[in-house]
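J.: Just dropping this structure here.
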Amino acid sequence: VPGNYNEVLSQMLEYRHERYVKQPRNFANAGSVFKRPKDKNGEWLFVWKLFDAVDLRGFRVGDALVSEKHPGFIVNAGNAKVEDVAAVINECKKRVKEEFDVELELEWRVI
């Protein structure tokens, strides 16, 4: 539905700013790690809420860690190795599966 150009632009810029301030810009990262899952009733869940419930915010292996600022991101706090990142991903998937019976799916395409 077409709208007023200035209103649409203003909303776009506001949304862009909100995303910018919520994402971990102070560490290298590859963006959001997991797709938003659904519960058994088909309701969308927030990954960050699941992670907070199982104490994953700040979880670290080597220099790879779940962002304190936005737990949907795994950040490189120095010299993280691919094995460190994989271990963090696996622990996240394991804890969420055990606690909520929810399978997390990567947004990333690992090659």
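The values are calculated or read from the model by the stated rules, or taken from the named source; none is laboratory data. Remember, predicted model here, so these are calculated numbers, not experimental data. Virtual Cβ from ideal backbone geometry, glycine too; neighbours counted across all protein chains shown.
J.: Go through (1) over 11 Å from the mean Cα position of the chain (by Cα); (2) at pLDDT 95 or above; (3) among the hydrophobic types (A, V, I, L, M, F, W, C) for CYS92 and report which single condition fails.
T.: (1)
J.: Let me ask something else. Applying the selection to region 17-47, what residues are basic (Lys, Arg) and modelled with pLDDT of 80 or more?
T.: Hits for region 17-47 are LYS35, ARG36, LYS38, LYS40.
J.: Restricting to region 60-103, what's the tally of residues that are out of contact with any strand residue (DSSP E or B) (no Cβ under 8 Å at 6 or more places or on another chain) and under 13 Å from ASN26 (Cα atoms)?
T.: 4
J.: Something else: Would you please name the residue that is farthest from the chain's Cα centre (by Cα), looking only at residues in region 37-86 that are among the β-branched types (Val, Ile, Thr) and surrounded by 12 or more Cβ atoms within 10 Å (Cβ to Cβ)?
T.: For region 37-86, the residue satisfying everything is VAL61.
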